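Encoded as structure tokens, the structure appears first; notes follow it.
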Amino acid sequence: MSEFLRTYLTVGIFGILGFALVGAFLGLGRILRPSRPTAQKMLNYESGVDPVGDMWSQANIRYYVFALLFVLFDVEAVFIFPWAARLEIYGVFGLIEMSIFIFILLLGLFYAWRKGMLKWV
């Protein structure tokens, strides 16, 4: 057997072993845990408020867009922190590239602000 195939065989064995351990622990937990279902435990629970009325309600799309914008600008920080940590190595070229990156993100923020997406209603 070649070294290449032996490496993949090792990865496969550890993958199968990992899935087997997870399955074994989940099965062991199912066997050992107490199970006493009651009608009260089967009710939906939402932030300490008793469920009243229909379970389905439509949310405003603005909340999803607001969350998406938050994630977008949060991911921006993931790209800025490593750049800031190695700023002296990248020099002027890195500064120009990051300035372009931040400018494009600011254009997106300005666009969302002009469209009224940042207003929390």
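The values are calculated or read from the model by the stated rules, or taken from the named source; none is laboratory data. Nothing here was measured: the structure is a model prediction, and the numbers come from that model. Cβ coordinates were reconstructed from backbone atoms using ideal geometry, including for glycine residues, and neighbour counts include every protein chain displayed. The protein model used for the area step is the full one, side chains on, heavy atoms only, and it has no ligands, DNA or RNA in it. Shrake-Rupley method; radii C 1.70, N 1.55, O 1.52, S 1.80 Å.
Among the residues of the stretch 58-87, what is the count of those that are open to solvent by less than 60 Å² (accessible area, probe 1.4 Å) and either part of a helix (DSSP H, G or I) or in contact with a helix residue (DSSP H, G or I) (Cβ under 6 Å, 6 or more places away or on another chain) (or both)? Write out each step before concluding.
From the stretch 58-87, those open to solvent by less than 60 Å² (accessible area, probe 1.4 Å) are 59, 65, 67, 69, 73, 76-77, 80, 83-84; that's our starting set.
Checking the rest, the ones that are also either part of a helix (DSSP H, G or I) or in contact with a helix residue (DSSP H, G or I) (Cβ under 6 Å, 6 or more places away or on another chain) (or both) come to 65, 67, 69, 73, 76-77, 80, 83-84.
Final tally of qualifying residues: 9.
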Answer with yes or no whether R6 is of a type in the set (K, R), assigned to a helix (DSSP H, G or I), out of contact with any helix residue (DSSP H, G or I) (no Cβ under 9 Å at 6 or more places or on another chain) and open to solvent by 100 Å² or more (accessible area, probe 1.4 Å). yes
Residues to consider are P51, P37; find the one that is outside any helix (DSSP H, G or I) and modelled with pLDDT of 80 or more. P37
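Would you tally the residues in the stretch 88-116 being assigned to a loop (DSSP other than H, G, I, E, B) and open to solvent by 90 Å² or more (accessible area, probe 1.4 Å)? Before you say what the answer is, go through the steps one by one.
Within the stretch 88-116, the first condition is being assigned to a loop (DSSP other than H, G, I, E, B), and the residues that meet it are 115-116.
Retained after the next criterion (residues that are open to solvent by 90 Å² or more (accessible area, probe 1.4 Å)): 115.
Qualifying residue count, the stretch 88-116: 1.
Quick one: would you say E88 is touching a Leu at 6+ places or on another chain (Cβ under 7 Å) and of a type outside the set (K, R)?
Numbers: touching a Leu at 6+ places or on another chain (Cβ under 7 Å): no; of a type outside the set (K, R): yes.
In short, no.
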Which condition number in (1) open to solvent by 80 Å² or more (accessible area, probe 1.4 Å); (2) in a helix (DSSP H, G or I) is the one that G12 fails? (1)
Against the condition aromatic (F, W, Y), over 30 Å from L106 (Cβ atoms) and modelled with pLDDT of 80 or more, how does F70 come out, does it pass? no
